[in-house]
Amino acid sequence: MLSDVYFPRVNGVSTSIRTYARALTAMGHRVTLVAPDYGDDARLAQAPFDAEGFEVIRVPAKVLFFDPEDRLFERGPLACTEQLLRARHWDVVHIHTPFRAHGLGVRLARATGVRTVETYHTYFEEYVGHYLPWLPEWLTRAFARRASRYLCDGVDHLIVPTAEMVQVLDRYGVRTPSTVLPTGIDLEEFAGGDGARFRAAHGITPDQPVLVTVSRLALEKNIGFLLQVAARLVAQWPRLVFIVAGEGPDAARLRAQASALGLDDNVRFFGNLDRRTTLLDAYKAGDLFVFASPTETQGLVLIEAMALGVPIVSTAVMGTATVLKGARSAQASDEDVEAFAGHVDALLRDPARRTAMAAAGPADARAWATPALMRQVEALYASLAPATAKTAAASTGVAPARP
């Protein structure tokens, strides 16, 4: 597998890649991931990063000036890595990001004669304008569409998380065969959690209403909208606490916005929390999980909240619309401050309904459990791998399962 991003950089792509690689390894495949070396960047020091059960090759990378949390592979070390990879046997090359990892994957596949799969993780048309704000929106959108066509045309097969995203790619004119396959989550990782412990540790009393969101702090995640919702609610719920878990380039602006809205006593920014312990506790501390990103291709945090039994209020756009469809544990809302705040207020006043939604969450999450989804990925790899391979594996490194 090849990616321009991975832990300790926390985002949905990193989570998806680790879910893939761990699941495929557990199924008996050999997986190699090529990812950036982040060094000892203090901005990422609190991110979860532990020993993996698969091979990870770290390549030196430089900081991007417009997004200092991300990295760009350095050309010299990348070329050396490519030579090492060409000397090894692969069944399938799986690319996860569209930058230098994409180029490496395409070159490696051509050199070794294997097929390429690429996951279209990110709705770039909605993202790129936030990172190149000095350019006209029509130009950044046109660039994202054209780049998407070019990149998708360079691989043999696409994995697309939702049918909504397939429709977007169809509008772009992408003709590469695709399969709709969400990543899902490992339900065993999202069990337990102690909300009372989190509240006690941070001076939040049991009777205080608590909203929680888990997200990268970036403009496209629309957390500023949630702050406006919180400001609207504080008039009725003056002791409300809004927990924001995550880091990102928009953190300083969001803190300033919270202060400007008079929410210094209500909003708590916690940064990146440990996915095995404190993050689970933070989810469980919430009476409601709130989310409003319009650019998600999957909406994994919604599934995580469901698995932990936290009722949800969220907008339903792109990937979040797919996750929320038919979910008994969630209330969908328009992106309107009054409407969204109204849904939250109604649920805060109705403990019985929140209890019923919480009880329905784990069942909703089971539809997104990793094992069944990964068996579909395995079958896709097998259909693309050389005829001599009995089974397939993943990414820039997946070898067949041993008998």
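Of note:
- Our estimate of slack between residue 346 and residue 372, defined as 0.36 nm per intervening residue step minus the Cα-Cα distance, is 5.7 nm.
- Simple spin-label estimate for residue 171 and residue 194 in nanometres, 7 Å along Cα-Cβ: 4.8
- 0 to 90° range, to nearest 10: angle between helix 223-234 axis and the chain longest Cα axis: 10
- Summed residue charge, Cβ within 12 Å of residue 364's Cβ, Lys/Arg positive, Asp/Glu negative: +2
- The chain: angle of helix 351-366 to the longest principal axis, Cα-based, in degrees nearest 10: 10
- Sorting the segments 301-311, 363-373 by their mean number of nearby beta carbons within 10 angstrom, highest to lowest, gives 301-311, 363-373.
- Nonlocal amide H pairs with residue 247, under 5 Å, H built at 1.01 Å: 217, 272
- Cα centroids of the range 137-195 and the range 283-297: 21 Å apart.
- Intensity falloff of the range 187-366 expressed as log10 I(q)/I(0), Debye formula with alpha-carbon point scatterers, at q = 0.16, 0.18, 0.19 Å⁻¹: -0.91, -1.21, -1.39
- Rounded to the nearest Hz, the phi-derived 3J(HN,Hα) couplings of the range 286-298 under the Karplus curve 6.51 cos²θ - 1.76 cosθ + 1.60 (θ = phi - 60°) are x, 6, 9, 9, 10, 7, 8, 5, x, 10, 6, 8, 10, where x marks glycine and proline.
- Protection proxy ranking of 103-110, 239-246, by the mean of other Cβ atoms within 10 Å over each peptide's residues and highest first, is 239-246, 103-110.
- Taking 7 Å steps out from each Cα toward its Cβ at residue 264 and residue 325 produces label points 4.7 nm apart.
- Gain on full extension, evaluated as 0.36 nm per residue between residue 252 and residue 379 minus their Cα-Cα distance, stands at 41.3 nm.
- On Cα atoms only, tilt of 370-384 relative to the major axis of the chain in degrees: 20
- Diffusion coefficient, µm² s⁻¹, Stokes-Einstein with Kirkwood Rh over alpha-carbon pairs of the chain at 37 °C and 0.692 mPa s: 150
- Amide H contacts of residue 92 (H built 1.01 Å from N, under 5 Å, at least 5 apart or other chain): 393, 398
- For residue 192, net neighbour charge (Lys/Arg +1, Asp/Glu -1) across residues whose Cβ lies under 14 Å away: -3
None of the figures in this text is laboratory data; all of them are computed from the coordinates on show. Quantities reported herein were computed from a predicted structural model and do not represent experimental measurements. Don't worry about glycine lacking a Cβ; one is built from the backbone with ideal geometry, like all the others, and counts go over all protein chains shown.
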